[in-house]
Amino acid sequence: MQNRQVNDDSRPGLDTDGTARRRAPNTMTDAEYAQATSPRGQLARARGLAAPYIPGGEDPDPEETARKEHRFVVLLIGMVAIIVIGGFVVTIIGIIFSLNL
């Protein structure tokens, strides 16, 4: 069995002589830096995301929003019921008129 010499380049962050490599200067713009250091950006990085997008947003009053959405849900169910019942009514009226001819 041969002894292999370990190449220092295989170890990230070190030069061939074992000293630490110098990092490239910060190339982010001020806007990118502000976005990266915002609370949303920090939370996203903590969750392993590349961008500061976290589903859900920041709703200041979720209870009021739920009440508003409840009204729309009831309206949607009502509209669906009217369409379905309307189809039955039109069909029954069509049958009645076709029998009288």
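No value in this document is a laboratory result; all are computed from the given coordinates. In this text, all values refer to a predicted model and were calculated from it rather than measured experimentally. Note that we place each Cβ from the backbone using ideal geometry, even for glycine, and neighbour counts take in every protein chain shown.
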Fewest-first ranking of THR65, THR27, using other Cβ atoms within 10 Å as the exposure measure: THR27, THR65
Which length gain, in nm to one decimal place, applies between ASP59 and ILE95 when the Cα-Cα distance is subtracted from 0.36 nm times their residue separation? 7.8 nm
Spacing of the two label points (7 Å from each Cα toward its C-beta) at LEU49 and ARG67, in nm: 3.0 nm
Taking 0.36 nm per intervening residue step and subtracting the Cα-Cα distance, what contour gain separates ALA81 from SER38 on full extension? 10.8 nm
What is the order of SER38, SER98, fewest Cβ neighbours within 10 Å to most? SER98, SER38
